[in-house]
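All remarks here apply to the structure that follows.
The values are calculated or read from the model by the stated rules, or taken from the named source; none is laboratory data. Small disclaimer: the values here were computed from a predicted structure and weren't measured. Cβ coordinates were reconstructed from backbone atoms using ideal geometry, including for glycine residues, and neighbour counts include every protein chain displayed. Ligands, DNA and RNA are excluded from the accessible area calculation, which covers all protein heavy atoms including side chains. Shrake-Rupley method; radii C 1.70, N 1.55, O 1.52, S 1.80 Å.
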Amino acid sequence: MTTLSLVHARYQLLETIRIPIALIGSAFFPAASMLFFVVPFAGDDPVAATYATASMVTFSIMVSSLFTYGVGVADDRSQPWDGYMRTLAAGAGPRFAGRILAGMAMSLVSLVPVVLIGALFTEATTTTMGFLLGIATVFVGALPFTLMGLAIGYGLPLKAALVVCQVIFFPLAFGGGLMSAPDQAPGFIQTIAPYLPTRGAVELMWAAVGDYSPHATSLFAFAVWTVAAGAVAVWAYRRDEGRRFR
Amino acid sequence: MILAEAIEVSRRYGDVTALDRVSLQVTQGELVGLLGPNGAGKTTLANLLTGVRRPDEGRVTLCGGDPRDPRTRRTLGVTPQETGLPATLRVGEVVEFVGAHYPDPVPRAELLDQFGLSDLVKRQTGGLSGGQKRRLAIALAFVGRPQVVVLDEPTTGLDVQSRRGLWDAIKAYHADGGTVLLSSHYLEEIEALADRVVVLGRGRVLADDTVAAVRGMVGVRRVSFAHDGEPPTLPGVVAIEQREGRTHLLTPDSDALVRALVVSTVDFRDLEVAPTSLEEAFLAITDSSSDAVALAA
C-alpha cells in the first residue's frame, strides 16, 4: 500500500465527511429496518435476533458498497477535477486503492448503528471470535457489491448510475432473503435466493456469528457473481479510459 | 535540452481532426505561447503533452519520457480548469493534496503567500470567487517545483488586475529558469509573456516564430467600402468578402492597400479601415494558407 493511496483515501473521506448527509444515507435504511422489523418481531429471541442483525449488517454493506462506488465513481467522472487528477503524478493504482480504502471505512462506519441497535435493543449475541469473524466477513461479503458498484460507476453516467443502484438494491435485499430469517422466507424467495449474491454474503455472515452451515449453491453463486462483476468492472474501466484517451 | 516535444502528432475525435501532423519543440527555459482561435487544437495539444490523452499518430515526449507514465509527470505542472476544484475541500487541503504527488513540494504557506491566497487557507474552494479560484488553480501548477508548466488559457474570464497578478507569477517562475507552454486566444497575453509563439489553426501549425513576427502576421486590418460591380484586384489582400453591398478586404498593410485603391479606377464610397479581431485574422490566414506562409516567411 503506497503513501499516495493513503493520501487519496484521506481526501476521499474528507470530501465525504464534509457532506455528512451522505454518511447518514447508507446508515439510515439498515438502521431503520432494524428498528421497525427486527426489534419488535425478533428482538426477544437470541438466535433470531442474531441472524436478523447479521442480515441487516449484510444489507448495509450491500447498500453502501453499491452507492459509494456506483454513484461516487460516476459523480467523480463527471467532474473536471477528475481530468486534472489524471495530470498528477499518480497512476490509476493509488486512485483505485484510495477509493476502495475510503469505501471500506465508510462501510464500517455505516455498520455502527445496526450493530449498536442489535446489541442494545435486542437479545442478539455472539462470541468475541464470532464478532471478529463477522468483521472479516464484512470485507469478503462486500466484494461482489464493490465490484458491481465500480462496474456501474465506470459504465454509466451519473444519472443512470443513481437509478440503477436504486433499482437493484431492493430486489437484491428481498430476493436474497435478507428480510426474513434463515429458511423462513416465502416460497418464491427460497427458490431464487441461492442464485443472488446477497444470499451467499448473508449465509457467510450467519455462519460467522452463529451456528449456520452455508449452502454450496449460494457460495458458488456468490463466487460467480464476484467474478462476473469484476469482469464487467474491468471492462467498464478500460472502456472509460478508451473513450477519454484514444 | 528539449523538455516537451510533439512529433508529427495527429488526434481525431470521430470525424473531426483536432490535430493534423503537428510538430512542436519546447526547450529548457523557454516561454512558448500557443495562440489560436477556439477549436484550433490548443487544448488537445495540451492534453497530449500532459498525458491526459494519447495521440492517434505521432509521438509526444515530456522531459524525455512518455507523459502517460505517472513518473514522467513528476516534472510537470498543470492548471485545472477553474470549475474543476473539489468544492468541499479547503484551499489548504487542495494544495496539500496536489503537493503530496511530488517529491519536493513548495511549503503550503510559501505557495499561498506567493499567490495572495494566505487569508483563504481555511476556506472551502466552493466558496471562492472566480478570480480566487483561478489564482488557486494556477498556484497548483507550481506546487511541485515543476521543470515544465503547461497552462491552458490560464486567465480566461479574469479581470485585468487579477490577470496582471498571474502574469507576474508566471514571469517569476520563468525568470528562475522554468519552462512554460501557455495557450491563449489573447494576443496581448502572449505578447506580455512569451518569447516565441506557435500559431495553431484548424489543427495545424500556421506559424512558429518570434512574437514580433507573428504580431505582424496577425495584425491584419479590414478595409471596406461600397461599390458597384466586381470586386477589384488589389495587391496585398489575404481575403475578400462581399456582403450587404460592401466589399471587405483583409490585408496586413492597410496603408498600401488604400493608396492602391485611391489610384485605381474603382468607384468606391464610404471607405472604412478597422482592425480585425484575432479570430478574424486567423480565419483569413487559415483560409489562404499560401498567403500565410508568405507572410510568415
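Within the accessible surface of segment A:3-245, defined with a 1.4 Å probe on protein heavy atoms only, the carbon and sulfur portion equals 74 percent. Summary of the geometry: segment B:201-240 and segment B:1-62, compared by the centres of their Cα atoms, lie 26 Å apart. Computed with the Debye formula from one identical point scatterer per Cα of segment B:165-245, without solvent, the log10 of I(q)/I(0) at q = 0.16, 0.18, 0.26 Å⁻¹ comes to -0.76, -0.87, -1.30. For chain A, modelled as a GNM with alpha-carbon contacts under 10 angstrom, which of A:L88, A:L35, A:L101 fluctuates the most? Of A:L88, A:L35, A:L101, the Gaussian network model singles out A:L88 as fluctuating most. Would the protein assembly as shown count as rounded, prolate or oblate if I go by the C-alpha gyration tensor, calling it rounded below 1.5 in a/c and otherwise prolate when a/b exceeds b/c, oblate otherwise? It is prolate, given that a/c is not under 1.5 and a/b is the larger ratio.
Please give the average number of partner chain Cβ atoms lying within 10 Å of the Cβ of each residue in A:7-14, rounded to a whole number. Show your work: numbers first, answer last.
Values: counts 5, 3, 0, 4, 7, 0, 0, 6.
Partner Cβ neighbours, averaged per residue: 3.
Percent relative contact order of segment B:34-80, based on C-alpha pairs within less than 8 angstrom and at least six residues apart? Kindly include the intermediate steps, with their values, before the conclusion.
Working: 36 pairs, mean separation 12.8, N = 47.
About 27 percent, as a whole number.
For the pair segment A:162-239 / segment B:78-107, the C-alpha centres are spaced 40 Å from each other. Counting, for every residue in A:87-96, the Cβ atoms of other protein chains within 10 Å of its Cβ and taking the mean gives 6. Taking amide H positions as modeled 1.01 Å from N, with prolines and chain starts lacking one, the residues under 5 Å from B:D152 and 5 or more places away or on another chain are B:T79, B:S183. Given the protein assembly as shown, what percent of its DSSP beta bridges are antiparallel, to the nearest 5? Just about 70 percent of them are antiparallel.
Counting Lys and Arg as +1 and Asp and Glu as -1, each charge on the Cβ, what is the dipole of the protein assembly as shown about the Cα centre in debye, to the nearest 20?
Values: 45 positive and 52 negative charges, 179 e Å.
I would put it at about 860 debye.
Excluding ligands, DNA and RNA, the accessible surface per residue across segment A:103-246 is 49 Å² with a 1.4 Å probe.
Per residue of A:77-86, other chain Cβ atoms within 10 Å of the residue Cβ number 6 on average. Tell me the Kirkwood hydrodynamic radius of segment B:99-171 in angstroms, computed as one over the mean inverse distance between distinct C-alpha pairs. Result for segment B:99-171 stands at 12.8 Å.
With all protein chains in place and ligands, DNA and RNA left out, the 1.4 Å accessible area ranks B:E30, B:E96 as B:E96, B:E30, largest first.
Tell me, what does the Kirkwood hydrodynamic radius of segment B:222-265 come to in angstroms if you use every pair of distinct C-alpha atoms? The partial results should precede the final answer.
Details: mean 1/r = 0.0949 Å⁻¹.
After inverting the pairwise mean of 1/r, the radius is 10.5 Å.
Sort A:W225, A:W81 by accessible area with a 1.4 Å probe, largest first. Intermediate results must be reported in sequence, preceding the final value.
Working: A:W225 85, A:W81 25 Å².
Greatest to least solvent exposure: A:W225, A:W81.
Distance from the C-alpha centroid of segment A:92-160 to that of segment A:1-77: 6 Å, rounded to the whole angstrom. Phi angles of segment B:20-30 translate, via the Karplus equation with coefficients 6.51, -1.76, 1.60 and θ = phi - 60°, into HN-Hα couplings of 10, 6, 8, 10, 7, 10, 10, 9, 4, x, 7 Hz per residue; Gly and Pro are given as x.
Restrict the search to segment B:188-249; then list the GluC sites (Glu not before Pro) that DSSP places in a loop and that have at most 14 other Cβ atoms within 10 Å of their Cβ.
On the way: sites: B:E188, B:E189, B:E191, B:E241, B:E244; in loops: B:E244.
Answer by residue number: B:E244.
Projected over every direction and averaged, the convex hull enclosing the alpha-carbon atoms of chain A yields 13.4 nm².
Using bins of 10 Å that start at zero, the share of Cα-Cα pairs per bin across segment A:167-244 amounts to 19, 43, 23, 12, 4, 0, in whole %.
Picking from B:A169, B:A256, B:A18, which is most flexible by a Gaussian network model of chain B using Cα springs under 10 Å? Taking springs between Cα atoms under 10 Å, the residue moving most is B:A256.
Indicate, rounded to the nearest 5 percent, the antiparallel portion of the DSSP beta bridges found entirely in segment B:53-193.
On the way: 2 of 10 bridges.
Looking only at bridges with both residues in segment B:53-193, the antiparallel portion is about 20 percent.
Where does chain B land at 222 nm, in deg cm²/dmol rounded to the nearest 500, when only DSSP H runs of n ≥ 4 count, each adding -39500 (n - 2.57), divided by all residues? My calculation for chain B gives -9500 deg cm²/dmol from helical runs alone. Put one equal scatterer on each alpha carbon of segment A:28-172, apply the Debye formula with no solvent term, and list log10 I(q)/I(0) at q = 0.09, 0.13, 0.20, 0.21 1/Å to two decimals. The calculated log intensity ratios at q = 0.09, 0.13, 0.20, 0.21 Å⁻¹ are -0.33, -0.63, -1.14, -1.21.
Order A:T198, A:T3, most accessible first, counting only protein heavy atoms with a 1.4 angstrom probe. Please list the in-between numbers first.
Values: A:T198 0, A:T3 105 Å².
The most accessible residue leads, giving A:T3, A:T198.
Of all lysines in the structure, those lying under 26 Å Cα to Cα from B:K133, and not within fewer than 8 positions of it along the same chain, are B:K42, B:K122, B:K171. With θ taken as phi - 60° and the Karplus curve 6.51 cos²θ - 1.76 cosθ + 1.60 applied, the whole-hertz 3J(HN,Hα) list for segment B:251-268 is 8, x, 10, 6, 4, 5, 5, 5, 4, 5, 5, 5, 7, 7, 8, 5, 8, 8 Hz, x standing for glycine and proline.
Given a 1.4 Å probe and every protein chain left where it sits, what share in percent of the accessible area of chain B is carbon and sulfur? Let's see the in-between values first.
Details: 6170 of 13070 Å².
Whole-percent figure for carbon plus sulfur exposure: 47.
Taking Cα atoms only, the orientation of helix A:92-121 departs from the longest principal axis of chain A by about 20 degrees.
Calculate, for segment B:94-228, the solvent-accessible area per residue in square angstrom, rolling a 1.4 angstrom probe over the heavy atoms of the protein chains.
Details: 5330 Å² over 135 residues.
Using a 1.4 Å probe on heavy atoms only, each residue of segment B:94-228 averages 40 Å².
Toward the positive end of the charge dipole of segment B:2-216, with +1 on the Cβ of Lys and Arg and -1 on the Cβ of Asp and Glu, the farthest Cα among B:G77, B:L34, B:G165 is that of B:G77. Exposure check, 1.4 Å probe, all protein chains in place: B:H248 carries approximately 20 Å² of accessible surface.
Compared with the dominant Cα axis of chain A, that is its longest principal axis, helix A:197-209 is turned about 60°. 3J(HN,Hα) along segment B:185-190: 10, 9, 4, 4, 5, 4 Hz, from the Karplus curve 6.51 cos²θ - 1.76 cosθ + 1.60 with θ = phi - 60°, whole Hz, x for Gly and Pro. Can you give the net charge of the other residues whose Cβ lies under 14 Å from the Cβ of B:L271, counting K and R as +1 and D and E as -1? Local charge sum for B:L271: +1. Tell me, Kirkwood radius of segment B:2-216 from alpha-carbon pair distances, in Å? Averaging 1/r across every pair of different Cα atoms and inverting gives 17.5 Å.
Between the helical axis of B:160-175 and the longest alpha-carbon principal axis of chain B there is an angle of about 70 degrees. Put a plus charge on the Cβ of each Lys and Arg, a minus charge on the Cβ of each Asp and Glu, and nothing anywhere else: the dipole of segment A:3-245 about its Cα centre is then about 1080 debye.
Ordered by packing density, taken as the mean number of other Cβ atoms within 10 Å over each peptide's residues, highest first, how do B:142-150, B:9-17 rank?
Highest to lowest by the protection proxy: B:142-150, B:9-17.
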